[in-house]
Amino acid sequence: MFDFRSAPAWLRAASLGVAVAASCVPAGAVGQSNCSFAAGSRSFQSVSIPGQGQIFYLGTPNFTCADGVRIRADSAVAYQSQNMVFFMGSVRFRDPQRILLSDQARYFTRIGRLQAEGHLVLRDTVRGSVIENGEMVYLRQTAEREQEQITVVTGVDHVRPTATLYMRPAADSAGTAPDSLAVPDSLAVTDSLAVTDSLAATDSLAASDSLVAPDPAAVAEPDPDMPLRNLPPTPAPEPEDTVQVPYQVEADNLYLQGDEYFLATGTVYIARDSVYARADSAEYDQGQGRMLLNGSAHVESASYELQGQNIDIGMVGGEMRTVRAVRRAELVGEDLQLDAPVILLFLSDGAPERLVAVPLRMDPETLEEPDSLDRVRPVALAERFRLVADSVEVLAPKDVLERIFATGKARGDSSARDSLNVESLPPMARTDWLEGDTVIAFFAPTVPADPLLPADTTGDAYELERLVALGDARSLYRLLPSDSTFRPGVDAPAVHYVTGASITISMLDGEVDLMEVDGPTRGWHLEPESKVAQGDSVLPDTSQAPPDTVGVRPDTTSGGVAGSAGSGMGR
C-alpha cells in the first residue's frame, strides 16, 4: 500500500493539488480560497475512470481550506470531475461558524456545500445553536450566497431532527426572510445526500478551470483541536446580542437561513421557556418579528392554552407580544374559556393582559369569504357566567381577570343558581340572564379565609361582582318565593323580569344583591302559587286547582329601582 505521507512534495502537489484543490467560492469571487489534503493524510491511491476523471482514495484524510474549513475522517474518496470529497467514518467538520460530527459527509469545495448523515450533530460555535439527527445539507455563506442555509430531513433511521436554536432578536438585524411558507426545494430532495448524475450535471459542480496546486511548503500539520475520534461539543461563547432563551424544535424537516429564519414542517413541536407549541408547520421570521404556526396549531403557557387552525405570534426583541388564533379558536385559562373564529391576545411578560374575540370577516390567506363556522359569535365563560356577542373583549391586567366587554346583541347567562330549576319552568327562565347592546361583567378576586394563603386556595380565584347592560337592556332572574314552604329543585321559584335603557346588577356571594334600572322601565314579578297547609301536610290538593293562578303585576316606573310583587327586590 502506498503511503501518501512518504510521497515527495512534488507528487502530493501534482496529484492532489490538481485533483481536489478547488476553490471554496464560485469563480470570480473575491478572496478565493484553496483546499488541499494536509499532513496526516495517508494511504493514497488513484484511479482514472473514463468520463469521470481521476478518483483518489485516502486514509485518515486531513482536509484543509484557506477559508478555515477543516475536515477529518477515517477515509475519503475525492472526485476530480465534481470537485467533491466523500468522507467516511467519524467525520469531523469545522469552519469559522460551526462544528459537525457525522458518520458520512460530502463536501463540494467550489460552492461550499456540505452534505452529512448518520449520528449527526451540528453546533454553532458563535451563537450556541445545536442540531441533531437526520440528514443535512449545509450551504455555507459565500460571495454569491448572502446567508448560510441549512436543511435537515428525517433520515433512513426514521429519527426526527431536533434543534436548540438561539435566534437573533428582531432589533439586532436588518435581514429579512423568505415571504412564503412554501417548503424550500432542498427539503424535498431526499436523495440529495447521494452522489448522483444530477449532481454532476449541475453547472456549479462542473470541474473548474481555475484549479491550482497548493504550495507544498504551506501544508499544515494536523489541528490539535481536531482529534481523530470523539470530538467533544465545543461550548459556544455568548455574545451580548444572543437571545439567552433558545427554541427547542422537533420536526420531520428543518430549514434555517442564517440565525434569523427557520421553517419546520411535519408535526412540529416547539418549546421556549415555559411556552410550548405544536402545529403541522412553523415558520420563524425575525425580519417580520413573527412566528406562524399553521395547521392544528396549539400554544400552551403557564396561564393559558390556545388552539386554532393557524396561530400568528408577534414578537419584539424575541419576546411574545401578541398571539392571534384563526379558525375554530379556543382559549382555556385558569378562570376563563373563550371560543371564537378569531382570538387575539396582547401579552406582557408572557401573560395575557387583554383578549379580543371576533368572527372572521375574510380569510387572511386566501381572501375568500368566511364559511358558517367563521361567522359564529364569540362565547366567553367565566365563573359560571356565559357571555355571547358579536365581539368579546377581556381585560386581565397582570394576569388578573378584571372585566369582560360583550358588544353587539350581547347576552349573559348565569348558571350559579341552577338548583332552582324545575321541569315546569319554560326554557327562557332556566337561567338568570341579562341582554343589551353591550353587556359588561366585572370580576373581583375572592378573599381567602386565611389572609396568609393565596386567593385560589379557597376554590374559585374570582367571583362575579357586577353586571351592566347598556342599550335596550333586559334582565330575568330567579329568586326564592315568599312562600316559606318553598323547596328548591322541587317547587318553582319566583321570576323577575325587567326592561330599561340600562340595567346594573350588583352581586353578593353569587346572588343578586341589588338591581338598578335607568330610563323607561317595565317590569314583572311572577310568584308561584301559594301552598295551603292542610293538617300536618304542607302540600295542598291541586287536583281541582285552576290551570294558571300565577299573579302578574306590570311595572311602569320611569326609572330607578324596578318594583316587584310578592318577595320584593334583592336577595
Cα-Cα separations in the range 64-164 greater than 22 Å, expressed as whole percent: 24 percent
Label-point gap, in nm, between His158 and Tyr276 - each point 7 angstrom along Cα→Cβ: 2.4 nm
Solvent accessible area, Å² - Arg487, 1.4 Å probe, full protein context: 90 Å²
Sites Ala302 and Tyr57, calculated FRET efficiency, Cβ-Cβ separation with R0 35 Å, nearest 0.05: 0.05
Viscosity 1.002 mPa s, 20 °C: Kirkwood-radius Stokes-Einstein D of the range 278-366 over Cα pairs, µm²/s: 165 µm²/s
For the range 40-96, convex hull volume per residue from C-alpha positions, Å³: 73 Å³
Sorted peptide list for 287-299, 492-504, criterion being average Cβ within 10 angstrom, highest first: 492-504, 287-299
Summed residue charge, Cβ within 11 Å of Tyr276's Cβ, Lys/Arg positive, Asp/Glu negative: -1
For the range 295-423, Kirkwood radius (reciprocal of mean inverse C-alpha pair distance, Å): 15.2 Å
Extension gain, Arg522 back to Gln337 (0.36 nm per residue minus Cα-Cα distance, nm): 63.2 nm
Ordering of 346-355, 401-410 by burial proxy (mean other Cβ atoms within 10 Å per residue, highest first): 401-410, 346-355
Two-site label geometry, Gln288 and Arg487: point separation in nm, points 7 Å out along Cα→Cβ: 6.5 nm
The range 254-310 and the range 111-146: distance between their alpha carbon centers, rounded to Å: 22 Å
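The values are calculated or read from the model by the stated rules, or taken from the named source; none is laboratory data. On a predicted model such as this, the values are computed, not experimentally measured, just so you know. Counting neighbours? That spans all protein chains shown, and the Cβs are built from the backbone with ideal geometry, glycine included. Quick note on the areas: whole protein, heavy atoms, side chains included, nothing else; ligands and nucleic acids left out. Shrake-Rupley method; radii C 1.70, N 1.55, O 1.52, S 1.80 Å.
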